[in-house]
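Engineer: I'd like to ask some things about the structure below.
The values are calculated or read from the model by the stated rules, or taken from the named source; none is laboratory data. Fair warning: this is a prediction, and the values are worked out from it, not measured in the lab. Please note: Cβ atoms are built from the backbone with ideal geometry, for glycine as well, and neighbour counts cover all protein chains shown.
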Amino acid sequence: MISSFAITGCSSKNITNAAPDTYAQEEEVKDHSIIENEVRKEVEAIEKLVKAFGDNLKMVSLLAPEDILRESMEEYYGEFISESLMERWIKEPTKALGRLTSSPWPEAIDVLNIEKLSKDEYRVEGQVLEVTSQEMDKDEALLKYDVILIVKFDGDKWFIDDVIMEEDSEENSQVNSKASSLIYENKEYGFQFHLPDTWKGYSIIYTNHDIY
């Protein structure tokens, strides 16, 4: 009887000592699951933000006068980007995302990767897709170029605080070269852009600063 009681007592003691560790592990798993769920929701919100912003790029003409450019950016970019980024783009539209020509135009931003930098900041890697009416019918892009977007949270909502346009990778450069070999360069204003192959044979004539 004494031997049996001793074994039973030891078994009870072992179970009692193990309980706190098991509880701590369960709580740790629960906390980890909550964090993963929160990050997943943030990533979904940021991807939705970037894609909605990309859908509006074609609505802003970067060659418009400053007052019209400001009005367009406030209307179509206002809910997506920070005020500081908007002011930088209005002062230097050649460094902004938007529309330079009637065709091709920026149709969307393809999100490639989203990386959490800190509690309230993410880094988004993407590609701006430019199309003409021909590509729209084929559901493909004429031109692609890489961008990095820094997205921050201000306590109320997520917004794009900075955009870094990277040079095309070697692969993209080859694709873009094949897609369009025509490049228009404006040395006076310091910008250039690709033209569709259908523009071959046309010329640009300047007369009193008007373009024909």
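Engineer: Would you be able to say whether some residue in region 46-57 is at pLDDT 90 or above and in contact with a His (Cβ under 8 Å, 6 or more places away or on another chain)?
Structural biologist: No, region 46-57 contains no residue that is at pLDDT 90 or above and in contact with a His (Cβ under 8 Å, 6 or more places away or on another chain).
Engineer: Working carefully through the options ALA108, ALA64, find the one that is more than 15 Å from ASP161 (Cβ to Cβ), part of a loop (DSSP other than H, G, I, E, B) and in contact with a helix residue (DSSP H, G or I) (Cβ under 9 Å, 6 or more places away or on another chain).
Structural biologist: Details: ALA108 fails: part of a loop (DSSP other than H, G, I, E, B).
Within the list ALA108, ALA64, the selection yields ALA64.
Engineer: Residues in region 145-158: is at least one part of a strand (DSSP E or B), within 25 Å of SER61 (Cβ to Cβ), aromatic (Phe, Trp, Tyr) and at pLDDT 90 or above?
Structural biologist: yes
Engineer: LYS144 - would you say it is of a type outside the set (Gly, Ala, Ser) and surrounded by 14 or more Cβ atoms within 10 Å (Cβ to Cβ)? It would help to see each step written out before you state the result.
Structural biologist: Numbers: of a type outside the set (Gly, Ala, Ser): yes; surrounded by 14 or more Cβ atoms within 10 Å (Cβ to Cβ): yes.
Taking the combined requirement at face value, the residue satisfies it.
Engineer: Can you work out which of the residues in region 52-61 that are of a type outside the set (A, V, I, L, M), within 15 Å of the chain's Cα centre (by Cα) and part of a helix (DSSP H, G or I) is surrounded by the fewest Cβ atoms within 10 Å (Cβ to Cβ)?
Structural biologist: Among them, the one singled out is ASP55.
Engineer: Also, quick follow-up: Given the criteria surrounded by fewer than 12 Cβ atoms within 10 Å (Cβ to Cβ) and either in a loop (DSSP other than H, G, I, E, B) or at pLDDT below 95 (or both), does GLN174 qualify?
Structural biologist: So GLN174 passes the test.
Yes or no, residue by residue, for (1) without any contact (Cβ under 8 Å) to a residue 24 or more places away in the chain; (2) under 19 Å from LYS152 (Cβ atoms); (3) surrounded by fewer than 13 Cβ atoms within 10 Å (Cβ to Cβ):
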residue: ASP67; (1), (2), (3): yes, no, yes
residue: ARG70; (1), (2), (3): yes, no, no
residue: GLU74; (1), (2), (3): yes, no, no
residue: ALA96; (1), (2), (3): no, yes, no
residue: TRP105; (1), (2), (3): no, no, no
residue: ILE109; (1), (2), (3): no, yes, no
residue: ASP120; (1), (2), (3): no, yes, no
residue: VAL124; (1), (2), (3): no, yes, no
residue: VAL128; (1), (2), (3): no, no, no
